[in-house]
Structures are given as C-alpha cells and as structure tokens.
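Working notes for the structure below.
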C-alpha cells in the first residue's frame with residue numbers, strides 16, 4: 001500500500017520568511033513519481049513539480065525548491081522569501097496506478 | 001490551450017436524489033480521473049477512465065459510477081445521495097493512463113452539497 005504523510009497541518013509565517021513543507025512517503029515500488037500540488041481557495045489543484053525515483057537531484061524554480069531524499073523517503077518543498085500569494089493548501093502526492101495524496105498543509109503568509 | 005473544465009461548479013441536492021457531474025479534459029488528453037475531497041478524508045481516488053474504459057476504481061460504493069465518451073469527456077454519477085457525499089469533486093486529465101510519470105491537470109471542481 002502507498003502512503004503519503006504531511007505532518008504539518010497548518011503553517012503560518014510572515015511575508016519574506018522562508019518556509020519548508022515536509023512530505024514523507026511509503027511505497028514498495030522501485031520506480032515511482034512524486035508530485036507537489038498547490039490548491040488556492042478557488043479549488044483547482046495546480047501542478048508544481050514531478051520527480052521520479054531515480055533522480056535525487058534537488059530542483060529549484062524561482063522561489064521554489066525541492067529536496068528529494070530517497071534514504072529517508074522524503075520530498076520536502078521550500079518556499080524562499082514567501083509572499084501573501086503563496087497562501088494555499090499544498091499537497092504532496094505519490095504515483096502508483098493512481099495518485100495518493102497527503103493530507104495537505106495549509107500555508108498562510110501574513111503581510 | 002483550454003484547461004480542464006468541470007460543470008457545474010456548485011450544486012445543491014437533496015438526500016436520495018441522484019446527480020451527474022461533467023468533466024471535459026484538456027484537448028488531446030485521453031485519461032480522466034475523479035477524486036473526492038472532504039475535510040475529514042482528504043483527497044480520495046474514485047476512478048479513472050482511459051479510452052472509454054474504466055481502468056481503475058477506488059474504494060467507493062456502487063452508488064458512484066462514471067463513464068467516458070469517445071471525445072474523452074467524462075461524467076460521474078452518484079445515485080441515492082447521502083449527506084456524507086457532500087464534497088468537492090475534482091477531475092484530473094492526463095495524456096496517458098495511470099499516474100506514473102504523467103502530470104495530472106485538475107479542474108476547479110464541482111462543490112456538491114447534499115441537504
């Protein structure tokens with residue numbers, strides 16, 4: 001069975017702070033994909049990143065960066081210099097025959 | 001290119017009624033998956049359709065069903081609605097079947113309220 005755990009239910013920061021969202025996963029598959037999605041109040045899940053299990057290189061995209069560590073089954077997401085527009089629920093997900101989502105982390109960035 | 005379109009956006013139904021939700025995937029995408037999102041259970045997989053065939057089904061009762069048409073548009077139906085069916089129903093579109101390696105693009109969802 002696959003499982004994704006996002007231990008942080010809610011995080012509140014002040015604008016310009018850096019924030020890291022944690023994601024830990026469980027799978028028996030040797031090949032798998034990990035995703036992060038952002039869900040703003042409008043409800044749509046916005047795709048942020050996909051990473052396959054063979055590629056442990058960290059990735060940076062603007063203010064976003066991702067740290068994938070297979071040894072600890074973690075795929076953490078960092079937002080640098082957070083902005084109010086980053087406020088949303090963030091989901092980590094693991095692929096098998098379907099996407100298995102974590103519980104989500106509600107991020108609130110205060111001005 | 002147009003994104004995933006779900007209709008209607010909001011729906012209020014009475015217990016015992018049935019409801020049909022619609023999803024139009026991104027042009028060229030042949031896979032459509034449905035998810036239910038509730039505060040208590042989070043995001044849960046309902047089913048996936050690819051080329052008009054159901055490829056995968058989540059752990060939901062038979063009251064939840066779906067279908068896919070030849071143009072890849074999909075509908076899901078819930079019969080004999082219960083209060084617990086109140087949720088945001090999200091549709092995801094992707095190029096190929098399954099979630100492996102392919103990004104799923106989501107619609108804005110249909111917010112169903114059962115009273």
Given the conditions (1) surrounded by 14 or more Cβ atoms within 10 Å (Cβ to Cβ); (2) without any contact (Cβ under 8 Å) to a residue 12 or more places away in the chain; (3) part of a strand (DSSP E or B), every one holds for residue A:60 apart from (1)
Open item on the list: Condition first: within 11 Å of another protein chain (Cβ to nearest Cβ) and assigned to a strand (DSSP E or B). Can you find one or more residues in region A:20-30 that meet it?
Closed with: no
Any chance residue A:77 is assigned to a strand (DSSP E or B) and within 14 Å of another protein chain (Cβ to nearest Cβ)
no
Taking region B:44-94 and the residues there that are at positive phi and surrounded by fewer than 19 Cβ atoms within 10 Å (Cβ to Cβ), the one that is modelled with the lowest pLDDT would be B:51
Q) Condition test on residue A:104, is it surrounded by 20 or more Cβ atoms within 10 Å (Cβ to Cβ) and either facing another protein chain (nearest Cβ under 10 Å) or in contact with a helix residue (DSSP H, G or I) (Cβ under 7 Å, 6 or more places away or on another chain) (or both)? A) yes
Of the residues in region B:63-98, those that are touching a residue at least 40 places away in the same chain (Cβ under 8 Å), part of a loop (DSSP other than H, G, I, E, B) and more than 12 Å from residue B:6 (Cα to Cα) come to B:72, B:79, B:80, B:81, B:82, B:86, B:95, B:96, B:97, B:98
Here the qualifying pairs (Cβ atoms under 8 Å; residues six or more apart or on different chains; first in region B:1-19 and at pLDDT below 95; second exposed (fewer than 15 other Cβ atoms within 10 Å of the Cβ) and part of a loop (DSSP other than H, G, I, E, B)) come out as B:1/B:27; B:2/B:27
Given the structure, is residue B:17 surrounded by fewer than 16 Cβ atoms within 10 Å (Cβ to Cβ) and out of contact with any helix residue (DSSP H, G or I) (no Cβ under 9 Å at 6 or more places or on another chain)?
-> yes
Of the residues in region A:10-19, those that are touching a helix residue (DSSP H, G or I) at 6+ places or on another chain (Cβ under 9 Å) and assigned to a loop (DSSP other than H, G, I, E, B) number 1
Do the conditions hold for residue A:84, that is, is it away from every other protein chain (no Cβ under 14 Å), in contact (Cβ under 8 Å) with a residue 60 or more places away in the chain and exposed (fewer than 15 other Cβ atoms within 10 Å of the Cβ)?
yes
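The values are calculated or read from the model by the stated rules, or taken from the named source; none is laboratory data. What you see is a predicted model, and the numbers here were worked out from it, not measured in a lab. As a convention, Cβ positions derive from the backbone with ideal geometry for all residues, glycine included, and neighbour counts pool all protein chains shown.
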